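The values are calculated or read from the model by the stated rules, or taken from the named source; none is laboratory data. All values reported here derive from a predicted model rather than from experimental measurement. Please note: Cβ atoms are built from the backbone with ideal geometry, for glycine as well, and neighbour counts cover all protein chains shown. We work out accessible area using only protein heavy atoms, side chains counted, and drop any ligands, DNA or RNA first. Shrake-Rupley method; radii C 1.70, N 1.55, O 1.52, S 1.80 Å.
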Amino acid sequence: GAVVSQHPSRVICKSGTSVKIECRSLDFQATTMFWYRQFPKKSLMLMATSNEGSKATYEQGVEKDKFLINHASLTLSTLTVTSAHPEDSSFYICSAREGGAFYEQYFGPGTRLTVT
Amino acid sequence: RKEVEQDPGPFNVPEGATVAFNCTYSNSASQSFFWYRQDCRKEPKLLMSVYSSGNEDGRFTAQLNRASQYISLLIRDSKLSDSATYLCVVSLNTNAGKSTFGDGTTLTVKP
């Protein structure tokens, strides 16, 4: 149980285009989903927290107009990187949690984004 | 000071060794604690939750010390497959509470 999928697993796009990444909880309902990015050999950096049906809460320094997050249902959250630039190239990972902070987070397999 | 701090590592140990990692947290209101492992270029996977009374899962033992605000992970009889980065995770007790990840400690188990 507790499977989280993420799609696509890898994407290459040109500067200026937008990329949408989907995160789905397959066998549980996720009241909260988190989006992270990770640079090589660095720790996870939380970008935003999204609760189903409400606006995402972004971490300091993360541009909400650039990284659009939609958590439309209890099993799906999307992250759209708008007007992508090469510096947006990174490993983006989502996680989902069934309830409050006592619950574990389960991670998707990640999406490796390369912007050329 | 970081909210969650881990041993800097890396830890290089021979197979069969016992190794311990510590993790300290700064927010005394923290209520939930976890250890995750992350393999290279993969997503983190839950290793174990950490309970107040301590808990054990096979070769892995996790302890929580609220007074000193640290958690620990002990790995006995290390296997080559234990080589990974171990992440300490701390959460506040709110429904929307985010989790704070440590930077991780890298373990390499050698034959």
key: Among the candidates B:GLU3, B:GLU15, residue that is over 27 Å from A:PHE34 (Cα atoms), open to solvent by 90 Å² or more (accessible area, probe 1.4 Å) and of a type outside the set (Val, Ile, Thr)   = B:GLU15
request  = Select from the range B:26-49 the residues that are under 21 Å from A:PHE102 (Cβ atoms) and under 12 Å from the mean Cα position of the chain (by Cα) and list them in ascending order.
outcome  = B:PHE33, B:PHE34, B:TRP35, B:TYR36, B:ARG37, B:PRO44, B:LYS45, B:LEU46, B:LEU47, B:MET48, B:SER49
ask   = Considering only the range B:52-111, how many residues are within 26 Å of A:MET33 (Cα to Cα) and of a type in the set (Asp, Glu)?
value = 1
Counted residues, the range A:68-102 - those being more than 8 Å from chain B (Cβ to nearest Cβ), of a type outside the set (Gly, Ala, Ser) and without any contact (Cβ under 8 Å) to a residue 60 or more places away in the chain = 11
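Report yes if some residue within the range B:89-101 is more than 9 Å from every other protein chain (Cβ to nearest Cβ), hydrophobic (A, V, I, L, M, F, W, C) and surrounded by fewer than 19 Cβ atoms within 10 Å (Cβ to Cβ); otherwise report no. Outline the logic, then answer.
First, the residues of the range B:89-101 that are more than 9 Å from every other protein chain (Cβ to nearest Cβ): B:90.
Still in the running and hydrophobic (A, V, I, L, M, F, W, C): B:90.
Filter once more, so that each one left must be surrounded by fewer than 19 Cβ atoms within 10 Å (Cβ to Cβ): none.
No; the residues of the range B:89-101 include none that is more than 9 Å from every other protein chain (Cβ to nearest Cβ), hydrophobic (A, V, I, L, M, F, W, C) and surrounded by fewer than 19 Cβ atoms within 10 Å (Cβ to Cβ).
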request  = Kindly indicate whether A:ALA30 is within 28 Å of B:GLU3 (Cβ to Cβ), surrounded by 18 or more Cβ atoms within 10 Å (Cβ to Cβ) and hydrophobic (A, V, I, L, M, F, W, C).
outcome  = yes
message = Among the listed residues B:LEU47, B:LEU73, B:LEU64, identify the single one that is among the hydrophobic types (A, V, I, L, M, F, W, C), touching a residue at least 40 places away in the same chain (Cβ under 8 Å), in a strand (DSSP E or B) and touching a strand residue (DSSP E or B) at 6+ places or on another chain (Cβ under 9 Å).
response = B:LEU73
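Got a sec? Which of A:SER5, A:SER9 is in contact (Cβ under 8 Å) with a residue 12 or more places away in the chain, open to solvent by 60 Å² or more (accessible area, probe 1.4 Å) and polar (S, T, N, Q)? Even if it seems obvious, please write down each step before you answer.
Working: A:SER5 fails: open to solvent by 60 Å² or more (accessible area, probe 1.4 Å).
So the residue among A:SER5, A:SER9 that is in contact (Cβ under 8 Å) with a residue 12 or more places away in the chain, open to solvent by 60 Å² or more (accessible area, probe 1.4 Å) and polar (S, T, N, Q) is A:SER9.
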inquiry  = Take B:ILE71 and tell me if it is touching a Cys at 6+ places or on another chain (Cβ under 6 Å), at negative phi and either more than 14 Å from chain A (Cβ to nearest Cβ) or open to solvent by 40 Å² or more (accessible area, probe 1.4 Å) (or both).
reply    = yes
task = Tally the residues that are of a type in the set (A, V, I, L, M, F, W, C) and open to solvent by 60 Å² or more (accessible area, probe 1.4 Å), restricting the search to the range B:32-65.
result = 1
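Please go through the range A:65-97 and give me each residue that is among the charged types (D, E, K, R) and surrounded by fewer than 17 Cβ atoms within 10 Å (Cβ to Cβ), ordered by number. Can you show your working first?
Step one: filter the range A:65-97 for residues among the charged types (D, E, K, R), giving A:65-66, A:87-88, A:97.
Across the range A:65-97, the qualifying residues are A:ASP65, A:LYS66, A:GLU87.
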